[in-house]
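Below you'll find the structure, written out as structure tokens, and then a few comments.
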Amino acid sequence: MKNRRDFLKVAGASALGLSTLSAGNAFAIGEHFIPADQTKKKDSVLEGTRWGMVIDTRKLTPEIVEDVTHICREKHNVPDCQLFEEPKKNKEHHEIKWIWEEHFHNAFPNMAADFLAKKLEDTPFLVLCNQCENPPCVRACPTKATFKRPDGIVLMDFHRCIGCRFCMAACPYGSRSFNFQDPRNGLVDRKPTNPDFPTRMKGVVEKCNFCAERLAVGEMPHCVEVSKGAITFGDIGDEHSEIRLMLEENYTIRRKVALGTGPSVFYIV
Amino acid sequence: MNDKIKIIAGLAIFVLIFTCPFWINGGKAKDVPKPVLSEKALAAKTCVLPKDEMAKNHMQLLDGWRNSVVRNEQRVYIIKDANGIEKEYDMSLSNTCLACHTNKAEFCDKCHEYASVNPYCWDCHVDPNVKEASL
């Protein structure tokens, strides 16, 4: 009897050990990581606890909106779907969007704005990925291709995207686009393609990355730089930051807050 | 009941057809390609890791690089070279590997063609040395 008990104990303990081993493997991302002592960040890196953005719509003009969307598309090799050859009939319905212009009614559909101020009727709104504090796309992603960084940026690892589009269904802001065809078909007018940022390929989803590649080298996002002060970027987790001061001094709204996603993009109206 | 000749002839034809790839190639294996080093690589003299290690493990290194950059936010690779001097590399496929190996077609592609590997990296990553085409 004693022997059987001991055997069961050992067997149980080993089974537990084995199961945690395999669970550990299942969560490992990629086979190969470079050891921590062989890597570092650039000295100029900008680091934060929660990156956020304030868009002052009072300062937005059609020219600024054009400059902002243009620089983003150019620097991230976002295709122009009008250049796609096929299928012609739904060209208009196909768009790859990182940051784009939207009307108030569409950006804030849940605000019952029956008699909207004339000023807002005429203002172009800029919308982009909200880099949510509680991002539904991350929960929907079956491969952990979309993940939330410690600094709040909701980033895509394009290498892991299998194109299932669960994230698109999960995102309440329409901030994600799917590449139904090779996006390079929409880059044929850009020679050379910007080699500093890879294009995407057919079958992956894409979205705004808050210019993670710029922060890594100590630069502000492209849209902020060309916005003539209409867009402020900063660490909303740091109570002494310029952006927090702005939030203190101005009344701001966010898109669809009632859903509980915690958007990090604020609008001054 | 004597089909000996037919059987032997059949077997002979079978063996001939089965081994025809060898006859067509004259019994020689295809030459192992010599990857051509670009001027820049020649000037630099050394790769990120020793040559043997690069030839064997460059895919693992690249995998490590992309995981470190995209998932760990680390963009600089630190490695001691053969003389014990610490060197730093920006972990970038297009802007480090291809900035030194400026001749992708004669270097990477030549080897890969021979080994019949077709890395899909170039569906997204841009060869900075190809200036006029959009690919």
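The values are calculated or read from the model by the stated rules, or taken from the named source; none is laboratory data. All figures in this text were calculated on a predicted structure; none of them were measured in a lab. Using ideal geometry, Cβ is built from the backbone for each residue, glycine included, and neighbour counts are taken over all protein chains shown. These accessible areas exclude ligands, DNA and RNA; they are computed on the full protein's heavy atoms, side chains included. Shrake-Rupley method; radii C 1.70, N 1.55, O 1.52, S 1.80 Å.
In the set (1) modelled with pLDDT of 95 or more; (2) buried (at least 17 other Cβ atoms within 10 Å of the Cβ); (3) within 13 Å of another protein chain (Cβ to nearest Cβ), the condition left unmet by A:GLY218 is number (2). Of all residues in the stretch A:238-254, none are hydroxyl-bearing (Ser, Thr, Tyr) and either part of a helix (DSSP H, G or I) or buried (at least 21 other Cβ atoms within 10 Å of the Cβ) (or both).
In the stretch B:118-128, the condition of being over 18 Å from A:PHE158 (Cβ atoms), outside any loop (DSSP other than H, G, I, E, B), at pLDDT below 95 and not charged (D, E, K, R) is met by no residue.
Scanning the stretch A:185-205 for residues that are among the charged types (D, E, K, R), surrounded by fewer than 22 Cβ atoms within 10 Å (Cβ to Cβ) and closer than 17 Å to A:GLU95 by Cα yields A:ASP189, A:LYS202. Evaluating B:ASP127 against the criteria (1) open to solvent by less than 30 Å² (accessible area, probe 1.4 Å); (2) at the interface with chain A (Cβ under 10 Å from one of its Cβ atoms); (3) over 25 Å from A:GLN181 (Cα atoms) leaves one unmet condition, (3).
Within the stretch A:181-212, being under 18 Å from the mean Cα position of the chain (by Cα) and within 9 Å of another protein chain (Cβ to nearest Cβ) holds for A:PHE197, A:PRO198, A:THR199, A:ARG200, A:MET201, A:VAL204, A:ALA212. The helices (runs of 4 or more DSSP H) located wholly in the stretch B:14-90 that include 1 or more residues which are touching a Lys or Arg at 6+ places or on another chain (Cβ under 7 Å) and either open to solvent by less than 100 Å² (accessible area, probe 1.4 Å) or without any contact (Cβ under 8 Å) to a residue 40 or more places away in the chain (or both) occupy B:51-72.
Considering the stretch B:91-102, and only residues there that are within 16 Å of the chain's Cα centre (by Cα) and assigned to a helix (DSSP H, G or I), the residue that is nearest to the other protein chains (Cβ to nearest Cβ) turns out to be B:SER94. When residues in the stretch A:165-180 are screened for being open to solvent by 60 Å² or more (accessible area, probe 1.4 Å) and either of a type outside the set (A, V, I, L, M, F, W, C) or within 14 Å of another protein chain (Cβ to nearest Cβ) (or both), 1 of them pass. Across the stretch B:96-111, a minimum of one residue is classified as buried (at least 16 other Cβ atoms within 10 Å of the Cβ), hydrophobic (A, V, I, L, M, F, W, C) and touching a helix residue (DSSP H, G or I) at 6+ places or on another chain (Cβ under 6 Å).
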